[in-house]
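J.: The following block contains the structure, expressed as structure tokens.
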Amino acid sequence: MKTKICFAAPLAALFFASAALAQTAAPQPQAATSVAREKCGVIFEVQGSPPQSMVLPSIHLVTLGESDSFALPADAPKGVKAVQCGRDTIVPFRYDYKVIEAGMPLSIVAQGKVGVLEIAEGKLRFRMLSGQMSKSEQDFVGAFLDAAQVAMLKKQK
């Protein structure tokens, strides 16, 4: 099953204003044996206020495994709308789709680029909000989307 990569400019990138989460190493795909650097947090809303971000050192998506599920940690604020991680690469990690299964989009910030992993029209997609992916990053993201979509469909059966 081929999954299309969607690229779109944001009309309002207010959810992803916390570029401070970004790391500054060269982008590369996650290797199964590597320990990737990541700093994650959440985007949340408090009634009557604009969306806010909060770094939560208790979120570790890089450690998710096949049998794990994602849940917000106990120290997460109320009103979480999205998870956001600053990383070495814009390419999603193998089990990042588990955030989507938990009902939230995942924003990835890397080297001035911002992308979001989300469900649109019943399909998993990765949309660039800021910056552009290289051809190799696009290829890795396409392979990730294909594998993640299959894994998510298997769980639904």
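J.: Are any residues in region 53-81 closer than 16 Å to V109 by Cα and in contact (Cβ under 8 Å) with a residue 24 or more places away in the chain, and if so, which ones?
T.: S53, V55, I59, L61, V62
J.: Which residues, taken from region 62-77, are in contact with a strand residue (DSSP E or B) (Cβ under 7 Å, 6 or more places away or on another chain) and modelled with pLDDT of 95 or more?
T.: L72, A76, P77
J.: Evaluate the following for I59: is it surrounded by 15 or more Cβ atoms within 10 Å (Cβ to Cβ), closer than 16 Å to A151 by Cα and among the β-branched types (V, I, T)?
T.: Considered against the rule, which asks whether it is surrounded by 15 or more Cβ atoms within 10 Å (Cβ to Cβ), closer than 16 Å to A151 by Cα and among the β-branched types (V, I, T), I59 comes out as no.
J.: May I pose another question? So which of Q111, Q84, Q138 is in contact (Cβ under 8 Å) with a residue 24 or more places away in the chain and within 16 Å of P57 (Cα to Cα)?
T.: Q84
The values are calculated or read from the model by the stated rules, or taken from the named source; none is laboratory data. Bear in mind that the values here come from a model prediction, so they are computed numbers and not experimental data. All Cβ positions, glycine included, derive from the backbone under ideal geometry; neighbour counts span all protein chains shown.
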